[in-house]
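Visitor: Could you have a look at this structure, given as structure tokens, before my questions?
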Amino acid sequence: MRRAVPLVSHLGYDVPFGHRQIWDRLTWALEPAQLASAGVPAELEMRVRCTDVVRRGRRLAALTMHVEISRDGRPLGVATTRFASQAPAVYDRLRGAYADVDHALSRVVAAAPPLAPHRVGRDRAHDVVLAPTGEPNRYLLRFDVGHPVLFDHRVDHAPGMLLLEAARQAAHTVAHPDFAVITAMDTAFRRYVEFDAPCLVAAEALPSQLPTHVSSRVTAVQHGEEVFSTTVTALRGPASSAVLRGFCAPPRTGPGVRPPTRG
């Protein structure tokens, strides 16, 4: 879906290359059973519909994108995102000195040692994006700008995909060992997360509306202001249970290895 945002912008709304698409809201949900591997290739189809289109003159300013994904004709998931489209001059003016990628990357806060991978549903420390703080359910966001997936291109701020993965990992620590597989997120991106200051990620368990699921709220705070918040829903149960075996194993995302899906 992340890739569909610039694709639809460029091909469907004539947005020039170099313009920035900035997330505002993102909500998605999926059907866990459709993630199970059948051992053969699957046909995935994405249907995209756009609403609430805002233009400034002839230029796209913002829109809401609705996505339905099916696997072999069966519903796999749905998602809705609201994003803005900013011309380079507008983006540079809003970002100030931070618009300079070299400047931003030269000021990255050193990554603290990560949490143990098993606590966040990963199998390698390289993929852990949270560091302990000494307080329960409160973590520091790790900026590993050399990660080949979460930082697949040079950026001047923490990517949205890094924040989503941090939320998934934080929610995993709260619900462990009952966190089997994530099934939904409802997210608000409020401010840019900068590289030059610590970003605190906090998680808390929420009452679940379904006995089969667990829910958590995850927030990120930088410079004393909330920059990101999301509600994470996951299927209850150990990831190794028979009903889940085969599609809950955490993807390997090291050098030369790509997960089945990328943000």
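Visitor: Measure off, as a whole percent, the carbon and sulfur share of the 1.4 Å-probe accessible area of the chain, all protein chains present.
Guide: 55
Visitor: Mind checking which of Leu140, Leu150, Leu35 has the largest fluctuation in a GNM of the chain, springs on alpha carbons under 10 Å?
Guide: Comparing Leu140, Leu150, Leu35 in a Gaussian network model of the chain, the most mobile one is Leu35.
Visitor: Continuing with this model, one more query. Using the Karplus curve 6.51 cos²θ - 1.76 cosθ + 1.60 with θ = phi - 60°, work out ³J(HN,Hα) for each residue of region 183-190 in order, rounded to whole Hz, and write x for Gly and Pro.
Guide: Rounded to whole hertz, the list is 10, 6, 9, 10, 10, 10, 9, 9.
Visitor: Right, something else. Leaving out ligands and nucleic acids, and using a 1.4 Å probe, what accessible area per residue does the chain come to in Å²?
Guide: 52
Visitor: Roughly how far apart, in whole Å, are the Cα centres of region 11-46 and region 153-204?
Guide: 18
Visitor: Select from region 16-73 those chymotrypsin sites (Phe, Trp or Tyr not before Pro) which occupy a DSSP coil region and have at most 11 other Cβ atoms within 10 Å, ordered by residue number.
Guide: Within region 16-73, the qualifying chymotrypsin sites (Phe, Trp or Tyr not before Pro) (loop, at most 11 other Cβ atoms within 10 Å) are Phe17.
Visitor: Let me ask you something else. Amide H to amide H, which residues 5 or more places from Thr183 or on other chains are under 5 Å from it, using H placed in the peptide plane?
Guide: Close amide H contacts, sequence-distant or interchain: Thr233, Ala234, Leu235.
Visitor: When only the heavy atoms of the protein chains count and the probe is 1.4 Å, how do Thr219, Thr187 rank by accessible area, highest first?
Guide: Sorted by accessible area, descending: Thr219, Thr187.
Visitor: Moving on. Taking the Cα centre of region 1-102 as origin, sum charge times position over the Cβ atoms of Lys and Arg (+1) and Asp and Glu (-1), and report the length of that vector in debye to the nearest 20.
Guide: 400
Visitor: Of the trypsin sites (Lys or Arg not before Pro) in region 66-103, which ones lie in a loop per DSSP and count no more than 11 other C-beta atoms within 10 Å?
Guide: Counting only loop positions with at most 11 other Cβ atoms within 10 Å, none of the trypsin sites (Lys or Arg not before Pro) in region 66-103 qualifies.
Visitor: Explain nothing, just the number: relative contact order of the chain, from Cα pairs under 8 Å at least 6 residues apart, as a whole percent.
Guide: 17
Visitor: Taking mean projected area of the Cα convex hull in nm² as the quantity of interest, determine which of (1) 14.8; (2) 16.0; (3) 13.5 was computed from the displayed structure.
Guide: (1)
Visitor: How big is the accessible area of Thr27 in square angstrom, nearest 10, if you roll a 1.4 angstrom probe over the protein chains?
Guide: Near enough 60 Å² of accessible area.
The values are calculated or read from the model by the stated rules, or taken from the named source; none is laboratory data. Since the structure is predicted, the reported quantities are computational estimates derived from the model, not experimental observations. So basically every Cβ, Gly included, is an ideal-geometry build from the backbone, and we count neighbours across all protein chains shown. Only protein heavy atoms, including side chains, enter the accessible area calculation; ligands, DNA and RNA are left aside. Shrake-Rupley method; radii C 1.70, N 1.55, O 1.52, S 1.80 Å.
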